[in-house]
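The block underneath contains the structure these notes are about, expressed in structure tokens.
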Amino acid sequence: MSAILNQAEFKQAMTSQWNKAASGWNDSSAVIRPWLLSSTQAMLKMAGISAGMRVLDVAAGAGDQTLDAAAIAGSGGSVVATDISPAILEYAKANAARAGFANVETVTADGEALPYADSSFDAAVCRLGLMFLADPLKGLQEIHRVLKSGGRLCTLVFSSAETNPCLNILMSTALEHAGLPPIDPYRPGSLVSLGKPGQMDGLFAAAGFRDCVTTRVHAPFILPSARAYLDFIRTSAAPVMQILARLDAAEQDKAFADMEEKLSAFNTGSCWAGPNELLLTTGVK
């Protein structure tokens, strides 16, 4: 299954979830940017972004990658950052203004119903957002529709559950402490829901893209300690915190202590290096 059955409820919950997490995600930019920097640079390059282009950034969040795209597009180009969460887009707007990018526009929009005419953009990107769409295929079809002929899309999503053990530890431990049964890591809407081998290429092709290629990217989370990673999770990882929200503060602390013990397996002696694998997928309209 590639789509959520009750899409209206899912989208409402996702909007609420990211409205609540907006501040924490933005405040964690000093952690997120170095983690995703090389992957983001590769994404923008694979999308074929160059000076003077009009670029679409779907599920843009607080806009870290939006500003990188805007720097490449230059004053003769522009970037439109869309997200279903108006709260997180306020941070993207403020970040663009603070950085002096007059060529960035923010628009609250459902990624499956983009408010743009056909062939409106030269290139498009979506960084760690496609898996949160109720129907990823529909989202890709919408991006395909608004791209000009020959325009490229590049997306970044989490790879398989097996190659992202930190996510497994977070989710399984949160569910255990919340008294909930284990869940299929590949269920629609989950962090690794698009991580099965060949899945992204298939979705791109089904949406009408050609020359589809997926590249695996190793993106370890390098931090001083597992506790530093969990501090990031507490403030910005909405899916995990949503599970733990049913627990009181003391019970949440127990869950995080359990997570920290398990995550300590990735201590190196000089730092904490949490394994992550991402997938970059590109296609041409």
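The values are calculated or read from the model by the stated rules, or taken from the named source; none is laboratory data. Keep in mind the model is a prediction, meaning the values are calculated, not measured. Cβ coordinates were reconstructed from backbone atoms using ideal geometry, including for glycine residues, and neighbour counts include every protein chain displayed. When the accessible area is computed, the model is the full protein with side chains, heavy atoms only, and any ligands, DNA or RNA have been set aside. Shrake-Rupley method; radii C 1.70, N 1.55, O 1.52, S 1.80 Å.
Some observations on this one:
- Residue pairs meeting the criteria (Cβ under 8 Å; at least 6 apart or on separate chains; first closer than 21 Å to residue 22 by Cα and part of a helix (DSSP H, G or I), in the range 223-250; second of a type in the set (D, E, K, R) and at pLDDT below 90): 238/20; 241/234
- Test: residue in the range 108-131 that is of a type in the set (S, T, N, Q) and open to solvent by less than 10 Å² (accessible area, probe 1.4 Å): no
- If you go through the range 136-161 and pick out every residue that is in contact with a Pro (Cβ under 8 Å, 6 or more places away or on another chain) and surrounded by fewer than 18 Cβ atoms within 10 Å (Cβ to Cβ), you end up with 1.
- Hey, residue 208 in contact with a His (Cβ under 9 Å, 6 or more places away or on another chain) and either within 17 Å of residue 275 (Cβ to Cβ) or surrounded by fewer than 23 Cβ atoms within 10 Å (Cβ to Cβ) (or both) or not: yes
- Residue within the range 85-106 that is part of a strand (DSSP E or B), open to solvent by less than 20 Å² (accessible area, probe 1.4 Å), without any contact (Cβ under 8 Å) to a residue 60 or more places away in the chain and polar (S, T, N, Q) present: no
- Subset of the range 37-84 (residues that are of a type in the set (Gly, Ala, Ser), assigned to a loop (DSSP other than H, G, I, E, B) and open to solvent by 40 Å² or more (accessible area, probe 1.4 Å)): 50, 51, 52, 75, 76
- Hits in the range 108-166 (condition: aromatic (Phe, Trp, Tyr) and at pLDDT below 95): 132
- Pairing each residue of the range 270-285 that is assigned to a loop (DSSP other than H, G, I, E, B) with any residue that is of a type in the set (S, T, N, Q) and surrounded by fewer than 21 Cβ atoms within 10 Å (Cβ to Cβ), provided the two are 6+ apart or on different chains, yields C-beta distances under 7 Å for 285/149.
- Matching residues in the range 253-269 - criterion: being touching a residue at least 40 places away in the same chain (Cβ under 8 Å) and buried (at least 16 other Cβ atoms within 10 Å of the Cβ): 255, 259, 262, 263, 266
- Subset of the range 162-184 [out of contact with any helix residue (DSSP H, G or I) (no Cβ under 6 Å at 6 or more places or on another chain) and crowded, with 19+ Cβ neighbours inside 10 Å]: 164, 166, 167, 171
- Single condition residue 249 does not satisfy, out of (1) open to solvent by less than 30 Å² (accessible area, probe 1.4 Å); (2) at pLDDT below 95: (1)
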